1. Going by the conditions given, is Val64 farther than 28 Å from Glu117 by Cβ, surrounded by 12 or more Cβ atoms within 10 Å (Cβ to Cβ) and modelled with pLDDT under 80?
2. Please work out if Ala131 is farther than 27 Å from Met54 by Cβ and touching a helix residue (DSSP H, G or I) at 6+ places or on another chain (Cβ under 9 Å).
3. Of all residues being acidic (Asp, Glu) and closer than 17 Å to Ser191 by Cα in the stretch 111-133, which is surrounded by the fewest Cβ atoms within 10 Å (Cβ to Cβ)? Just the residue, please.
4. Please go through the stretch 149-173 and pick out each residue that is basic (Lys, Arg) and surrounded by fewer than 13 Cβ atoms within 10 Å (Cβ to Cβ).
5. Restricted to the stretch 1-43, and to residues that are over 26 Å from Gln156 (Cβ atoms) and among the acidic types (Asp, Glu), which residue is surrounded by the most Cβ atoms within 10 Å (Cβ to Cβ)?
6. One residue is enough: does the stretch 134-141 have a residue meeting the conditions of a type outside the set (Ser, Thr, Tyr), in contact with a helix residue (DSSP H, G or I) (Cβ under 9 Å, 6 or more places away or on another chain) and modelled with pLDDT under 85?
7. Hey, can you tell me all the residues within the stretch 69-103 that are closer than 11 Å to Leu118 by Cα, in contact (Cβ under 8 Å) with a residue 40 or more places away in the chain and buried (at least 18 other Cβ atoms within 10 Å of the Cβ)?
8. State whether the residues of the stretch 142-149 include one that is assigned to a helix (DSSP H, G or I) and either modelled with pLDDT under 85 or over 23 Å from Lys70 (Cα atoms) (or both).
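The values are calculated or read from the model by the stated rules, or taken from the named source; none is laboratory data. Fair warning: this is a prediction, and the values are worked out from it, not measured in the lab. Neighbour counts are summed over all protein chains in view; Cβ atoms, including those assigned to glycine, are modelled from backbone coordinates with ideal geometry.
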Amino acid sequence: MIDVIWLLLFCCGVVTAMLTGHMDRLSGAIIGGAETGVELSIGLISVIAFWLGMMNIAEKAGMVQWIAQKLKPIGKFLYPSVPEDHPAMGAILLNMSANLLGVGNAATPLGLKAMSELQKLNKDRDTASDAMCTLLAVNTASITLLPTTVIAIRMQFGSKDPTAIVGTTIVATAIGTLAAILLDRLFRRLSRRRRSH
């Protein structure tokens with residue numbers, strides 16, 4: 001669906017440029033955007049490699065596992081249907097830890113592993129379980145303590161203080177996560193009420 005939306009936006013832009021006589025501006029914007037994208041990507045390689053290396057060191061030093069251990073009570077609260085010793089809970093906690101550290105690249109495979117393990121616990125294979133919906137909501141909103149990718153982009157574009165967004169990122173992601181949890185619980189209750197009637 002998103003590819004259709006992007007195609008429509010692109011076509012609207014081309015038609016508008018043709019009707020207003022600004023095809024030269026459109027061509028310049030397309031080429032300029034492509035150049036900026038390539039420059040940004042190449043420039044981010046070193047910064048992302050550095051942060052991924054740091055997070056790899058943190059993981060090997062046991063920091064991710066330590067955070068996962070500290071998150072166990074939150075995991076029990078958010079996923080009451082998942083047994084504490086099940087591999088799904090381990091993957092969920094590691095996913096939450098990676099997201100906290102701002103390592104989305106490491107969090108994604110852990111999230112997929114958690115979803116796969118939750119499917120094994122799912123009684124109705126054709127419908128997402130409550131735990132699966134909660135994982136999707138929490139993983140998408142996820143509190144981030146260190147937004148490494150955004151810091152890297154700010155460094156690439158010459159920000160004087162690339163880490164200035166850390167505080168606001170923590171607040172914004174905390175609010176987003178709280179909203180995701182509250183809405184998850186609300187929709188879960190509404191769904192149960194509808195099923196009982």
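1. Spelling it out, it is not the case that Val64 is farther than 28 Å from Glu117 by Cβ, surrounded by 12 or more Cβ atoms within 10 Å (Cβ to Cβ) and modelled with pLDDT under 80.
2. On the way: farther than 27 Å from Met54 by Cβ: yes; touching a helix residue (DSSP H, G or I) at 6+ places or on another chain (Cβ under 9 Å): yes.
Answer is yes for this residue.
3. Among residues in the stretch 111-133 that are acidic (Asp, Glu) and closer than 17 Å to Ser191 by Cα, the one surrounded by the fewest Cβ atoms within 10 Å (Cβ to Cβ) is Asp126.
4. Lys160
5. Among residues in the stretch 1-43 that are over 26 Å from Gln156 (Cβ atoms) and among the acidic types (Asp, Glu), the one surrounded by the most Cβ atoms within 10 Å (Cβ to Cβ) is Asp24.
6. No, every residue in the stretch 134-141 fails to be of a type outside the set (Ser, Thr, Tyr), in contact with a helix residue (DSSP H, G or I) (Cβ under 9 Å, 6 or more places away or on another chain) and modelled with pLDDT under 85.
7. The answer is Tyr79, Val82, Ala88, Ile92.
8. So far as the stretch 142-149 goes, yes, one or more of its residues are assigned to a helix (DSSP H, G or I) and either modelled with pLDDT under 85 or over 23 Å from Lys70 (Cα atoms) (or both).
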